[in-house]
Amino acid sequence: MDDRVRRRVGILVGVGLAGGLLPGVTMGAETVDVLLSVMITTMVMVVLTQLVFIGPSGRVPVRMLLVFGGLGFLQDALIWWLLSWLAPKISAMHVEGWGTILLAALLTRTAVVVASQLTSRTEIAAD
């Protein structure tokens, strides 16, 4: 699986976890609103993270993961901050407060880092 696909899957999982686990992130009342909010949020995050990419390419040592994770966390926090302002205008999503923004960024970046480090056995054998 390509690194970009892994990152996108990580963002989708992170946004879904943030919307489902954090009480300060409201994704809508109906199932259609929730799915639409998750998809719009994921698309915005994917586009913005593609414009300014902060993250490892392939498998890297743990120290580098911490550096990339920290910088990526900052990037994701800024994107969630933008989404807290932008999302109520375009979808049913609402984000409340800085604490929620930081936790959502932490969940999203953790999911992206984990997804970026997943490899299949054939990829490991090819290295």
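The values are calculated or read from the model by the stated rules, or taken from the named source; none is laboratory data. If you're wondering where the values come from, they're calculated on a predicted model, not measured in any experiment. Cβ sites come from the backbone with ideal geometry, for glycine too, and all protein chains shown count toward neighbours. Areas reflect the complete protein model, heavy atoms only, side chains present, ligands, DNA and RNA absent. Shrake-Rupley method; radii C 1.70, N 1.55, O 1.52, S 1.80 Å.
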Discussion item. Could you tell me how many of the residues in region 67-96 are surrounded by fewer than 17 Cβ atoms within 10 Å (Cβ to Cβ) and not hydrophobic (A, V, I, L, M, F, W, C)?
Written reply: 5
Worksheet item: What residue, of Val38, Val32, Val15, is open to solvent by 60 Å² or more (accessible area, probe 1.4 Å) and either out of contact with any Lys or Arg (no Cβ under 8 Å at 6 or more places or on another chain) or modelled with pLDDT under 85 (or both)?
Response: Val32
Worksheet item: Given the residues Met45, Met93, Met64, which is the only one that is out of contact with any helix residue (DSSP H, G or I) (no Cβ under 8 Å at 6 or more places or on another chain) and modelled with pLDDT of 80 or more?
Response: Met64
Item to complete: Report, ordered by the first and then the second residue, all pairs with beta carbons closer than 6 Å, sequence separation of six or more or different chains, a first member in region 20-48 that is over 20 Å from Trp98 (Cα atoms), and a second member that is of a type in the set (Lys, Arg) and assigned to a helix (DSSP H, G or I).
Response: Val46/Arg8
Discussion item. Checking Met1 against (1) at pLDDT below 90; (2) in a helix (DSSP H, G or I); (3) open to solvent by 50 Å² or more (accessible area, probe 1.4 Å); (4) among the hydrophobic types (A, V, I, L, M, F, W, C), only one condition comes out false. Which one?
Written reply: (2)
Item to complete: Output the number of the condition that Val60 fails; it satisfies all remaining conditions of (1) in a helix (DSSP H, G or I); (2) surrounded by fewer than 17 Cβ atoms within 10 Å (Cβ to Cβ).
Response: (1)
Practice prompt. Hey, could you check region 97-127 for residues that are at pLDDT below 85 and charged (D, E, K, R) and say which is least open to solvent (accessible area, probe 1.4 Å)?
Written response: Glu123
Worksheet item: Does Leu22 meet the test of being under 27 Å from Leu118 (Cβ atoms) and open to solvent by 70 Å² or more (accessible area, probe 1.4 Å)?
Response: no
